[in-house]
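What follows draws every value from the coordinates through simple rules; no lab data is involved. Computed from a prediction, not measured in an experiment: that's the story for all the values here. Every residue, glycine as well, gets a Cβ built from its backbone with ideal geometry; the counts of neighbours run over all protein chains shown.
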């Protein structure tokens, strides 16, 4: 912890503007409107009688932290929400940020208690540290550390169930090679609980039916920054409407900070206008790559609002996410999400978020027609870049050198018609089998009729012909396909027993999944394969809390 002191560098709160109504002591926990400033200072509320559950050994190693640090009393206090005794220059008071909300390209204001949008932001997420570690800047944020002015009447806590999901999912996504926020540590409370709406056992309801007591938890997530499109939108709206005298200045300063935090590769000798255009191009490139990767591994963000879209181009906010089981282009794990945030429409949601990103920048160039025109060109080019990335991704999953729309469209039709496990099918395909037989293990109904079986055989023969006509050997193709198609994904039916056991104080399954899911492309041992490389049990389909989730926690 003494070494951590030397690494502290709070660029966000040092370079940007605090809310002028922030309280110096950080006791600012009641819902209120925040009219200006980039952040509010707020004191974390520690959980009672904290219990260590786990930390990410891999991420500790990346940061240069000793494993023993996670078990120290100082670490336990800091990352269970008690910053009262932190020595200087560490901050005893954290910060939370506001952001706007747009859903699939539509601006919303009435989502906050004041109907103005000035009360929406980090309701239970509080950043407590920023520093440069091993040459890279990181921000540490506690999720579930109490109320902020953006809490909108909620209790500011996260429950153990959702905290386990996020803790494991972030490290799993990192293991999949997909840009993501990272998990540092996970603590729960021996005695503190909160009430949450949830489902009755074996219910098929889309809406929670009962209030249950759940243990609280704090998970620490770490990222280069937690800057989101929604945050930029908030300041873009204020500047567009001239809501206060410093609105345009706050927007410009936020953009400059985004460049400093997430896009240092953009040349410093460029003009501000050139930097913003480069920023927009690079963000388009990162966001399209991210969404193509999500679809590659079967991940659905579920609630891909602009405020859940990191400007750094990585996965952020593991709310009602899900990894797909039986393939369905309209798969959606969140009961409130709708088709617009479904699995195969994530590229459409990304386009709408990118549109809002561009809209937020436009007030800066009201009298600069040339920059506005170039900005719109980059915005309009987004679908073409997305289409290209999707084609490359699909080709990699199929082991092809170039995208073939005919064979892919035929496959999608067959997968929908048959009911196929997404992960198992593509992993078995990665073995470049000689016939269809190994792929049938991914079918939820293995007794398909003769006509459908013939269609599958025709598709398979066409695919094998394409493979055989390539310059690479089948062995080379197979190895490359296995790097594109994971063997293990963190499905909800696998996760559920882990947080059920954790609720009873048994964290062994969390540790087991942590170990398995950090190496999702590896074959691993036979016991792991038997337990986790299998189809979702049929009796779990449609079950609330397993097949679909509310946004209640």
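Taking the longest Cα principal axis of the chain as reference, the axis of helix 369-398 is set at about 40 degrees. Of 450, 274, the sequence from fewest to most neighbouring Cβ atoms within 10 angstrom is 450, 274.
Going highest first, how would you order 84-93, 336-345 by mean Cβ packing within 10 Å? Mind dumping the intermediate values first?
Values: 84-93: 14.6, 336-345: 18.4.
Most protected by this proxy first, the peptides run 336-345, 84-93.
Please report, largest first and rounded to whole Å, the three semi-axes of the ellipsoid equivalent to region 402-469, where each semi-axis is the square root of five times an eigenvalue of the C-alpha gyration tensor.
Values: eigenvalues 63, 35, 29 Å².
Its equivalent ellipsoid spans semi-axes of 18, 13, 12 Å.
Output the relative contact order of region 402-469, whole-number percent, from Cα pairs under 8 angstrom with separation of 6+ residues. Reported relative contact order: 38 percent. Between the Cα long axis of helix 492-503 and the first principal axis of the chain there is an angle of about 50°, rounded to the nearest 10. As a proxy for reagent exposure, 269, 368 were ordered by neighbouring Cβ count within 10 angstrom, fewest first; the result is 269, 368. The angle between the Cα long axis of helix 229-240 and the longest principal axis of the Cα atoms of the chain comes to about 50 degrees, rounded to the nearest 10. From the P(r) of region 167-223, could you give the percentage of C-alpha pairs in the tail past 17 Å? Above the 17 Å cut-off, region 167-223 has 58 percent of its Cα pairs.
Measuring between their Cα centroids, region 476-503 and region 171-230 lie 18 Å from each other.
Let me have the 222 nm mean residue ellipticity of the chain computed from DSSP H runs of 4+ only, each contributing -39500 (n - 2.57), with the sum over all residues rounded to the nearest 500. Helix contribution divided over all residues of the chain: -12500 deg cm²/dmol. Taking the fewest neighbouring Cβ atoms within 10 Å as the starting point, the ordered list for 465, 421 is 465, 421.
Expressed in units of 2.2 N^0.38 Å, where N is the residue count, the Cα radius of gyration of region 2-231 is 1.02. What would the Debye formula give as log10 I(q)/I(0) at q = 0.24 Å⁻¹ for the alpha-carbon point model of region 1-99, no solvent? The calculated log intensity ratios at q = 0.24 Å⁻¹ are -1.29. Computed from label points 7 Å out along Cα-Cβ, the spacing between residue 14 and residue 268 is 1.5 nm.
When DSSP assigns beta bridges and you keep just the ones with both residues in the chain, what percent turn out antiparallel, to the nearest 5? Of those bridges, close to 90 percent are antiparallel.
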